Structures are given as C-alpha cells and as structure tokens.
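Worksheet: one structure, shown below.
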C-alpha cells in the first residue's frame, strides 16, 4: 500500500495556488477595464464639449446702459371678494399670487445717540 495522503494534500495546495493566481489575474483585468472605460469616457466628454464663444459672440450691454437693480416695496394683490369659493385656476395668474408696488417706505435707520445694538458696549440710551 502506498501512502497517498501527502499527494492529496499537494493536489489541494496546487489547486488553491491556481485559484489565487486566477483571482489576481481577474482583478488586474477588471482594474484595466475600469481604467480604460474612464479614459474612453473622458475623451468622449472632452470631444463633445461646447466650444467657447468668440469675442464677437459675447453678450453686449444694451445701448441705453447696463440694467440696474430696482429696489421697491411690493405688496400682495388682494383676493377678489366673491360669494362662491374660488379655485386657483379661477384667480388671476392661475393661482400665482400677484404683487403691486407698495407705498414708499423709508428703511429704519439708527438714531444718532443710540448704541447701535443690544450688547454692543456703547453708552446706550440718549
């Protein structure tokens, strides 16, 4: 009788080594595919980019000068009075609340003798 237990152990070890080598090769292939896909996608995006506009295609300011910011107080439009209930599509603006220019109002300013704010360390009061 021949002792074959060491032969079986050697076969198992060889099988595990081949399996490990196969996993390493598969991992390298997957990494290579991911790098290739990233490179291909980057080139494709770079080719499909919209070109920058030339100087003559750049936007120009209007002939009467630049548009300025308008600061005004706005008030909401009132809801129309009715005996029946109104649904949004029956209102002006299809349910979007409209606004109108409000009465002119001055912004509150600090009094000359006041400290400017609570806890600011000033003398407070007048």
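Given (1) touching a strand residue (DSSP E or B) at 6+ places or on another chain (Cβ under 8 Å); (2) at pLDDT below 70, identify the lone condition not met by residue 72. All conditions are met except number (2).
Taken as a whole, the structure places residue 55 among residues that are under 31 Å from the mean Cα position of the chain (by Cα) and surrounded by fewer than 10 Cβ atoms within 10 Å (Cβ to Cβ). The condition of being on the phi > 0 side of the Ramachandran plot and modelled with pLDDT of 65 or more holds for only one of 93, 98, 121, 78, that being 93.
The values are calculated or read from the model by the stated rules, or taken from the named source; none is laboratory data. No experiment lies behind these values; they were computed from the predicted model shown. In this analysis, Cβ positions are derived from the backbone assuming ideal geometry, glycine residues included, and neighbour counts consider all displayed protein chains.
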